[in-house]
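The values are calculated or read from the model by the stated rules, or taken from the named source; none is laboratory data. Note that the structure is predicted; figures quoted are calculated from it, not measured. We place every Cβ from the backbone using ideal geometry, glycine too, and count neighbours over all the protein chains shown. We work out accessible area using only protein heavy atoms, side chains counted, and drop any ligands, DNA or RNA first. Shrake-Rupley method; radii C 1.70, N 1.55, O 1.52, S 1.80 Å.
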Amino acid sequence: MSVRVRYAPSPTGLQHLGSVRTFLFDYFFARANGGKFILRIEDTDQSRFNEESLQDLYDTLNWLGIDWDEGPDKEGGYGPYIQSQRLELYKEYAEKLIADGKAYRCFCTPERMEKLREEQKDNKQDYGYDRHCRNLSEEESQRLYESGAPYVVRLKIPDGREVAFHDEILGDIKRKSRDISPDPVMLKTDGFPTYHLACVVDDHLMEITHVFRGQEWIPSTPLHILMYEAFGWEPPKFCHLPLIMGKDGKKLSKRHGSTFAREFRAMGYLPEAMVNYMIMLGWSYDDTREFFSHDELAELFNLERVNKSPAVFDYKKLEWFNGQYIRKADPERIQNLYLPLLKEEGIISDPPTEDEMKLVKDSYGLVQERLKVINDAPGLLRFLFKEIESYNIEDAIPKKMDREGTKTVLKGCLEVLDGFAGRSDEENEELFRQKSEELGVKLGQILQPLRVALTGTTVSPPMFESIRLFGAERTMERVKNLIAQM
RNA sequence: GUCUCCAUCGUCUAGGGGUUAGGACACCAGGUUUUCAUCCUGGCAGCGGGGGUUCGAUUCCCCCUGGAGAUGCCA
């Protein structure tokens with residue numbers, strides 16, 4: 001049987017790192033096995049549905065280069081792929097369950113449920129429905145139904161059974177049926193299915209072979225097994241993925257840092273770095289290799305090497321991956337990624353002038369080794385395009401030197417800068433060395449004030465290259481400017 | 001509370017009855033260098049505890065501990 005895998009997000013929030021990891025495993029498993037990757041929208045919670053998250057889903061998938069074979073916009077013979085468009089189907093199957101005696105209508109009001117819950121809490125009993133309506137006589141149930149009373153459909157959980165399933169990652173998992181929540185709701189009052197019903201019905205109808213989902217679903221899988229039994233269907237294979245944690249071992253959340261895919265995109269992470277890092281969170285290839293292209297993953301990903309235990313998300317390592325990928329990337333691509341940022345920050349005009357574009361292109365060498373994320377670029381390049389707003393004089397004064405000495409050094413720089421453009425870097429360096437000897441300081445002590453004069457900071461790209469790009473004459477202006485302020 | 005899952009350096013992981021327990025990030029030190037970064041070299045650091053099984057357990061089994069998740073008309 002050919003592999004069919006689905007990613008089934010519910011559009012109630014933005015795609016976060018856990019979602020990304022799940023669909024990456026879905027996708028690459030499908031690809032590596034020559035199977036189909038299906039996108040299904042689980043919008044069964046009307047109250048939490050939100051349009052923005054739907055757009056975010058598509059944006060995220062597209063950004064990371066993940067395409068699907070079937071989905072809302074790609075009919076593949078198993079549609080519709082949006083659960084809110086399949087309501088009749090779920091109702092039909094719920095009715096079938098009732099007709100077969102596997103489920104029943106429950107007319108208990110929310111008020112009764114709340115009261116029950118409170119009583120259970122007071123008596124320190126286990127929570128759960130007391131099966132009041134399961135014990136209704138058929139006539140009574142029918143009468144209430146015909147009276148138009150609102151109801152939900154609940155599955156009858158059998159007593160005294162052990163429900164087992166085999167997880168492809170975790171192995172055999174068992175649970176006693178009495179530990180499964182008594183008689184979970186399948187169909188809500190509003191006619192929408194719960195996750196459990198919709199998921200089981202759709203996975204079966206869409207002939208899903210492997211269900212990938214987070215480990216938080218393990219406790220409800222026995223329930224799903226019971227549902228497959230009630231329908232007389234063969235369950236798919238289950239693959240419960242380890243959870244992603246924050247540094248403190250708690251479930252990853254905002255307080256650990258960014259968690260939404262779009263935030264990483266906005267910060268200037270490359271999609272391939274993101275994919276590579278995320279796939280390594282819970283999966284490994286061997287004892288050393290850790291760089292994988294999209295195509296390689298689509299060939300090499302497998303279930304055997306998926307880890308069982310939860311993984312802590314390491315922002316530092318992601319950053320390292322990103323730096324590695326930026327350095328390997330085509331310069332033009334990286335420039336095009338930060339070009340809009342330069343415009344946004346008003347560093348260059350919009351549209352850029354010809355001179356600005358040339359300078360952006362020529363200056364790439366200044367940043368390529370220094371970028372961890374794309375968004376670092378504006379800060380590194382700003383000095384080439386904009387005047388230094390204010391000098392921190394202290395920065396300009398090297399260690400073991402004073403203000404006067406620094407002034408003298410800067411004046412010395414002016415002499416060397418004269419005719420700078422006409423000489424090679426080697427020649428210029430030699431001149432700076434001579435000058436520093438003449439002034440009785442080290443080369444670093446002469447270059448630091450110059451660096452501050454040109455860039456406004458003590459940390460910058462290499463001096464000579466920067467001077468060449470910016471122009472020796474204009475550099476001299478900045479040096480004079482700084483001297484005047486000292 | 002109850003149920004379920006998990007457990008190798010700080011983090012991601014490889015390994016597996018006999019290994020100097022391997023790699024990567026981070027960190028530290030050194031080198032290259034005009035600062036930063038890159039790059040190179042080296043270093044620090046780990047099998048949670050207790051019982052078994054065995055000639056021998058980090059590896060297999062049990063218990064404990066620790067961590068996480070689930071206990072919704074949310075997914």
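Just a few scattered comments:
- Long-range HN-HN contacts of A:Ile157 with modeled amide H, under 5 Å: A:Asp183
- List A:Ile446, A:Ile397, ordered by accessible area with a 1.4 Å probe, largest first: A:Ile397, A:Ile446
- Of the trypsin sites (Lys or Arg not before Pro) found in segment A:163-252, those in coil by DSSP whose Cβ has at most 14 other Cβ atoms within 10 Å are A:Lys247, A:Lys250.
- What the Cβ-Cβ distance of A:Arg403 and A:Glu332 gives, at R0 = 30 Å and to the nearest 0.05, is a FRET efficiency of 0.10.
- Evaluating 6.51 cos²θ - 1.76 cosθ + 1.60 at θ = phi - 60° for every residue in segment A:455-462, the Karplus couplings come out as 10, x, 9, 8, 10, 7, x, x Hz, glycine and proline recorded as x.
- Lysines with Cα under 25 Å of A:Lys188, excluding same-chain neighbours fewer than 8 positions away: A:Lys91, A:Lys96, A:Lys102, A:Lys115, A:Lys121, A:Lys156
- Lysine pairs in segment A:316-419 with Cα atoms under 19 Å, if 8 or more residues apart or on separate chains: 15
- By DSSP, the beta bridges lying fully in chain A are antiparallel in about 55 percent of cases.
- Excluding ligands, DNA and RNA, the accessible surface per residue across segment A:128-184 is 59 Å² with a 1.4 Å probe.
- Estimated vicinal HN-Hα couplings, Hz - segment A:8-24 in sequence order (Karplus 6.51, -1.76, 1.60; Gly, Pro = x): 10, x, 9, x, 10, x, 6, 5, 10, 4, x, 4, 4, 4, 4, 6, 5
- Phi to ³J(HN,Hα) by Karplus 6.51 cos²θ - 1.76 cosθ + 1.60 over segment A:270-281, Hz, x for Gly, Pro: 7, x, 5, 5, 4, 4, 4, 5, 5, 6, 7, 8
- Accessible surface, per residue, of segment A:219-316 when the full set of protein chains is kept, probe 1.4 Å, Å²: 47
- Restricting segment A:30-122 to chymotrypsin sites (Phe, Trp or Tyr not before Pro) in coil, as DSSP defines it, with at most 15 other Cβ within 10 Å: A:Phe49
- Prolate/oblate/rounded call for segment A:136-216, Cα gyration tensor, a/c under 1.5 rounded: oblate
- If R0 is taken as 30 Å, the Cβ-Cβ distance between A:Met267 and A:Thr288 corresponds to a FRET efficiency of 0.55.
- Residues of segment A:113-147 falling in the label zone of A:Ser181, defined by backbone nitrogen less than 12 Å from a point 7 Å along Cα to beta-carbon, are A:127-129.
- Charge dipole (Cα centre; +1 on Lys/Arg Cβ, -1 on Asp/Glu Cβ; no other charges) of chain A amounts to roughly 1280 debye.
- Note on chain A: with neighbouring protein chains present and a 1.4 Å probe, carbon and sulfur make up 47 percent of its accessible heavy-atom surface.
- Tensor-based shape of chain A (alpha-carbon gyration tensor, a/c under 1.5 rounded, otherwise prolate or oblate): prolate
- Over chain A, relative contact order from alpha-carbon pairs under 8 Å, at least 6 apart, %: 13
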